[in-house]
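I have placed the structure first, in the form of structure tokens, so that the comments after it can refer back to it.
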Amino acid sequence: MELSEDITCLNGIGDKTAALFKRVGVCSLWDLLNHIPADYVRNPGLKKVKDIVPKERTAVKLTIEGSPDILRVRGLNILNVPAKDETGPVMLSWYNMPYLKKVLHPGMTRVFCGNADVRRNMLSLVQCRMYDPGEYEKQKDSLESVYHLTKGLTSKTVGKALKNVLKNASFPDDFLSEDERISLDMPPLSKCYEMIHFPKDLNEALYARRRLVFNEFYFFIRNIRRLKNNAKKSINSFPLIESALCARFIETLPYELTKAQKRTYEEIIKDLSSEHTMNRLVQGDVGSGKTVVALLAMLTVAGNGYQAALMAPTEVLAAQHMKNISGAVKELGVKCVLLSGAMTEKEKKTARKCIKDGEAALVIGTHALITDLVEFKNLALAITDEQHRFGVGQRKALAEKCSGKMPHVLVMSATPIPRTLAIILYGDLDISVMDELPKMRLPIKNCVVGRQYRPKAYKFIKDEIAAGHQAYVICPLVEESESSDCENVEDYSALLREKLGPDIRVGMLHGRMRPKDKDAVMNDFSAGNIDVLVSTTVVEVGVDVPNATVMLIEDAHMFGLSQLHQLRGRIGRGKDQSYCIFIDNSKSKEKNERLQIMNSTNDGFKVASEDLKTRGPGDIFGFRQSGELSFKIGDIFTDAPVLKLASEYADAHPVTEDGENDINDRKYGLAYLL
């Protein structure tokens with residue numbers, strides 16, 4: 001069994017189950033192995049019903065009292081069945097698992113293990129696992145993996161598939177020798193997957209995870225080094241000089257550029273006129289004015305008779321850039337064109353002609369700008385955010401569009417990270433840091449509160465909407481999950497419609513929606529047709545909505561501080577005072593103290609520095625970080641020591657020129673890092 005094979009090669013996984021796995025990003029056997037547990041739970045000892053404590057994971061030996069009943073609430077199928085032991089009754093509940101109705105029979109005695117709760121004054125066990133009493137006795141006190149799932153996919157199905165792979169798959173030879181593994185304190189590659197999915201204890205799981213994080217960082221860093229080697233050989237095919245267009249544009253601005261903007265612009269001009277092609281990262285906090293600096297670089301290119309392209313991560317953001325930039329350069333006589341999937345075929349054809357003929361000096365669009373249908377006359381500069389970071393294939397595609405000449409590359413990132421980590425992660429790029437915000441920005445007012453504050457928060461949101469403003473509400477989950485009692489977008493949207501009343505328009509946004517639907521929701525929110533947008537972290541990289549003045553983040557303790565700062569950056573972008581409310585439901589003094597950092601500063605670099613200091617092993621498993629610098633397993637803050645270790649190992653094993661790296665990337669299932 002080869003690890004590159006489709007997951008349907010496993011017994012018991014047909015097209016229907018494979019489709020469920022695909023929803024959580026699992027298509028191949030490698031994908032399955034790298035579907036790392038989100039958390040671990042220990043199967044507790046048996047309790048009596050009278051001793052159950054709400055909100056705790058509980059195991060009880062119960063006898064089914066009656067027949068199961070299925071309720072349909074807001075699209076959910078809720079199966080309820082009464083049960084009891086000699087000390088009292090309890091209700092067993094499952095979401096979207098109607099097939100259990102055929103399994104649960106009156107008089108049946110089993111051990112039920114799940115999260116305890118009180119619903120409608122009735123003690124309940126929710127999303128229980130069911131065991132034969134003898135079977136549970138063997139598993140008592142063992143560690144059980146909890147996975148990110150979707151409706152219809154259970155942890156039991158995932159675990160069964162993983163055991164099949166670990167038993168029958170052929171693992172590649174480990175790229176670390178035995179001596180290197182001993183020196184680095186790493187387990188063998190094949191063994192670490194068994195240890196992380198079926199650990200004896202948490203220490204073993206952490207030990208295995210450390211190896212997988214090392215792998216991920218090492219292959220990433222090695223690819224970065226390869227890009228750096230290629231960049232060193234790239235002679236500047238487009239030597240440029242400062243353009244009068246830039247001076248004219250600066251004169252039109254209603255404010256003075258910050259010192260950081262001026263310094264970064266000077267560094268870009270120096271690159272553009274040097275012997276080698278520019279490969280520069282502009283790293284700036286949200287709201288630091290990176291787009292203005294990018295536009296100055298584009299105008300420099302246009303003033304020298306060449307073309308510049310700006311690629312945005314979404315069609316909505318591309319349209320916003322087009323609106324702002326075309327308006328800013330209109331008086332300068334510079335032609336700007338947009339190319340995105342939302343346009344009609346006729347509009348696309350017209351845009352492509354303008355690009356090919358060189359009529360459009362500034363081209364704005366999504367990553368589709370480097371597809372085969374698009375031809376540039378003389379592209380000299382490609383600007384992209386970190387989410388669309390160029391790999392080897394993309395740079396080759398750009399070179400082909402420039403008759404083999406490599407254009408200058410400018411990468412923009414709103415993720416403030418400590419410089420020591422930035423040098424490792426962006427080893428192929430020169431770095432400009434914009435650590436200053438425009439004086440006209442009002443600092444966001446923050447507060448960290450518990451769930452009991454919600455009624456006041458809802459009233460505050462209603463008052464802001466009555467004043468003509470809008471609000472974001474962020475939830476960590478898309479839908480209700482058996483592995484967490486955190487808030488989810490689907491249920492919370494319905495809750496807010498009820499709490500805020502029919503006059504307030506509530507919208508919903510999450511990553512599982514089709515791109516076209518996501519763009520439609522963001523367009524409505526941007527246009528003011530939605531008052532409150534309930535979303536997951538997909539709004540981290542989004543359009544500017546200056547009218548949004550409130551952000552409420554539920555279960556804020558589940559996110560890293562840097563990610564919270566990125567989310568907070570969606571507000572405070574207009575002239576009005578903005579407010580961010582962090583709801584902490586952890587009941588943990590340590591996590592609440594971490595969140596207080598968000599109270600004390602709006603400086604992203606300070607937040608990132610504190611994030612690096614305060615995150616520890618307890619933050620490793622749980623909700624994954626997302627956004628511009630996300631990895632599948634590793635986290636640059638929690639795993640900073642491993643990142644540095646991987647960098648040192650890469651230093652000792654320089655990249656080769658014979659294609660060996662590409663082979664190894666595929667061999668170890670890490671081609672996604674290219």
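The values are calculated or read from the model by the stated rules, or taken from the named source; none is laboratory data. Please read all numbers here as calculations on a predicted model, not as lab measurements. A quick note on method: Cβ atoms are made from the backbone with ideal geometry, for glycine too, and the neighbour counts reach across all protein chains shown.
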Assess whether G114 counts as being touching a strand residue (DSSP E or B) at 6+ places or on another chain (Cβ under 7 Å) and small (G, A, S). yes
Would you be able to say whether some residue in region 72-79 is exposed (fewer than 13 other Cβ atoms within 10 Å of the Cβ), in contact with a Lys or Arg (Cβ under 9 Å, 6 or more places away or on another chain) and at pLDDT below 90? no
The residue from E86, E56 that alone is touching a residue at least 24 places away in the same chain (Cβ under 8 Å), loosely packed, with under 12 Cβ neighbours inside 10 Å and within 32 Å of the chain's Cα centre (by Cα) is E56
Expected single match for crowded, with 19+ Cβ neighbours inside 10 Å and part of a loop (DSSP other than H, G, I, E, B) among V539, V545 is V545
Within region 413-456, considering residues that are in a loop (DSSP other than H, G, I, E, B) and among the hydroxyl-bearing types (S, T, Y), the one surrounded by the fewest Cβ atoms within 10 Å (Cβ to Cβ): Y426
For region 639-665, which residues satisfy the criterion of being polar (S, T, N, Q) and at pLDDT 80 or above? S647
Look at V41 and say whether it is under 30 Å from V213 (Cα atoms) and either touching a residue at least 60 places away in the same chain (Cβ under 8 Å) or not in a strand (DSSP E or B) (or both). yes
For region 495-509, what are the residues that are under 13 Å from N529 (Cβ atoms) and in contact with a helix residue (DSSP H, G or I) (Cβ under 7 Å, 6 or more places away or on another chain)? I504, V506, G507
What's the total number of residues in region 115-126 that are on the phi > 0 side of the Ramachandran plot and either among the basic types (K, R) or buried (at least 19 other Cβ atoms within 10 Å of the Cβ) (or both)? 1
Considering region 557-578 alone, what residues qualify as being under 14 Å from K591 (Cβ atoms) and in a loop (DSSP other than H, G, I, E, B)? F559, G560
Out of region 44-59, which residues are outside any loop (DSSP other than H, G, I, E, B), at pLDDT 90 or above and either over 25 Å from V158 (Cβ atoms) or among the basic types (K, R) (or both)? L46, K47, V49, K50, D51
Among the residues that make up region 350-359, is at least one of them within 33 Å of the chain's Cα centre (by Cα) and touching a residue at least 60 places away in the same chain (Cβ under 8 Å)? no
Tell me, which strands (runs of 3 or more DSSP E) lie completely within region 280-373 with 1 or more residues that are under 22 Å from R570 (Cβ atoms) and not charged (D, E, K, R)? 307-311, 362-365
Within region 226-259, how many residues are crowded, with 18+ Cβ neighbours inside 10 Å and closer than 30 Å to M186 by Cβ? 2
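Residue by residue, here is whether (1) assigned by TED's automatic domain parsing to the domain that holds F582; (2) aliphatic (A, V, I, L, M) holds:
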residue	(1), (2)
I424	no, yes
K439	no, no
R451	yes, no
R454	yes, no
K459	yes, no
G507	yes, no
R512	yes, no
K516	yes, no
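Name the single residue, out of those in region 181-194 being over 22 Å from L162 (Cβ atoms) and either in contact (Cβ under 8 Å) with a residue 12 or more places away in the chain or within 30 Å of the chain's Cα centre (by Cα) (or both), that is surrounded by the most Cβ atoms within 10 Å (Cβ to Cβ).
L184
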Looking at the structure I just gave you, is L500 of a type outside the set (S, T, N, Q), surrounded by fewer than 20 Cβ atoms within 10 Å (Cβ to Cβ) and modelled with pLDDT under 90? no
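Counting only residues that are part of a loop (DSSP other than H, G, I, E, B) and among the basic types (K, R), which one in region 583-638 is modelled with the highest pLDDT? Break it down into steps so the answer makes sense when it comes.
Let us first name the residues in region 583-638 that are part of a loop (DSSP other than H, G, I, E, B), namely 584-588, 601-603, 615-616, 620-638.
Now drop any that are not among the basic types (K, R), which leaves 587, 615, 624, 632.
On the way: K587: 73, R615: 59, R624: 44, K632: 78.
The qualifying residue modelled with the highest pLDDT is K632.
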Residue that is modelled with the lowest pLDDT [pool: residues in region 123-140 that are among the polar types (S, T, N, Q) and under 18 Å from P82 (Cα atoms)]: Q127
Given the criterion under 20 Å from S432 (Cα atoms), at pLDDT 95 or above and either in the same structural domain as G327 (by TED's automatic domain parsing) or out of contact with any strand residue (DSSP E or B) (no Cβ under 7 Å at 6 or more places or on another chain) (or both), identify the matching residue among T291, T300. T300
Evaluate the following for V489: is it among the hydrophobic types (A, V, I, L, M, F, W, C) and either in the same structural domain as Q261 (by TED's automatic domain parsing) or in contact with a helix residue (DSSP H, G or I) (Cβ under 9 Å, 6 or more places away or on another chain) (or both)? no
Filter region 84-119 down to the residues that are in a strand (DSSP E or B) and of a type in the set (V, I, T) and list them by number. V90, T109, V111, V118
